[in-house]
Amino acid sequence: MSEQITHSIQSTNLADILERVLDKGIVIAGDIQIKLADVELLTIKIRLLIASVDKAKEMGINWWEYDSYLSSGAKDNPEYSGEKANSEFEKRIKFLEEKSKPKPKSKKRK
């Protein structure tokens, strides 16, 4: 009988493990390299973070709030929709184009 009690206390179910992982967070990292005769053909770097939304926000990770495919609020916010970046690029391009235009030569009087 004592073996049954000890065994049931020590066992952990999947829900408990998942709760711990989401509460604390877990990082899985790995690299895959494919080489042929000491020539690197392909490198894949894998970085995986598993955490709850609250834990991710606590760590400063909240990219999904500004992704227009994941958040309807991001579409309405010009700060994160790309409109601001596009207008800044357009201003810079216009400035550079004007700067690179050849200046008209003034006619010299004799």
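A few remarks follow.
- Temperature 37 °C, viscosity 0.692 mPa s: under these conditions the Stokes-Einstein estimate for the stretch 19-100, based on its Kirkwood radius over C-alpha pairs, is 194 µm² per second.
- Each Lys or Arg adds one and each Asp or Glu takes one away; over the other residues whose Cβ falls under 13 Å from the Cβ of PHE95, this sums to +1.
- Lysine pair count for the stretch 19-100 with Cα-Cα distance under 15 Å and sequence separation of 8 or more or different chains is 5.
- With the charge dipole of the stretch 19-100 set up from +1 on Lys and Arg Cβ and -1 on Asp and Glu Cβ about the Cα centre, the Cα lying farthest toward the positive end among the listed residues THR43, ILE26, ILE93 is that of THR43.
Each reported figure results from applying straightforward, stated rules to the coordinates on display, with no laboratory input. The structure displayed is predicted, hence computed values, not measured ones. Heads up, the Cβs are rebuilt from the backbone with ideal geometry, glycines too, and the neighbour counts pull from every protein chain shown.
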